Each structure stands twice: as structure tokens, then as C-alpha cells.
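The values are calculated or read from the model by the stated rules, or taken from the named source; none is laboratory data. Just so it is clear, the model here is predicted, and its values are computed rather than measured. Heads up, the Cβs are rebuilt from the backbone with ideal geometry, glycines too, and the neighbour counts pull from every protein chain shown.
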Amino acid sequence: MVENNSDEDAGSARWVLACELRRLREASGRSLAQLADEANYDRTYLHRLEAQRTLLETVMEALDTS
């Protein structure tokens, strides 16, 4: 499950998006390293997206096309 910064985050749009990103990556059978290679993003950066520490629209769009 995605790490939460507080109980208030659970169910927020940001939390849902982070959970969905991880779910889709796992459903595709890709590791963070594999997705990072395909999308040309750093693995640790993608981890921060899934952990809802960072969510940028341009990154999400790039991942959507991977």
C-alpha cells in the first residue's frame, strides 16, 4: 500500500492517484526500475510518486504513454 503522510490523506485525489499508479505498474508486471527505464525517469523519483511525496502532471502524462 502507498505510504500516507497522515490519516487525512487517505481517500484524497492525490492518494487515489498514487495508489492507482502503483496498481497499474504492478498489474503490468513492471518493477520501478523497469518503468523508470521505459519512461526515462529516475526509479527513486517514481517511488516518490507512488508514495505521494511528489505528483507532477507532466510526469503522470509521460507514464501514461509508457
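Please pick out the residue among 61, 57, 26, 3 that is out of contact with any helix residue (DSSP H, G or I) (no Cβ under 6 Å at 6 or more places or on another chain) and modelled with pLDDT of 90 or more. First the steps, then the outcome.
Details: 61 fails: modelled with pLDDT of 90 or more; 57 fails: modelled with pLDDT of 90 or more; 3 fails: modelled with pLDDT of 90 or more.
From the options 61, 57, 26, 3, the qualifying one is 26.
Of the residues making up the stretch 35-54, those that are buried (at least 16 other Cβ atoms within 10 Å of the Cβ), outside any helix (DSSP H, G or I) and modelled with pLDDT under 90 number 1. Look at residue 31 and say whether it is modelled with pLDDT of 95 or more and at negative phi. Taking the combined requirement at face value, the residue satisfies it.
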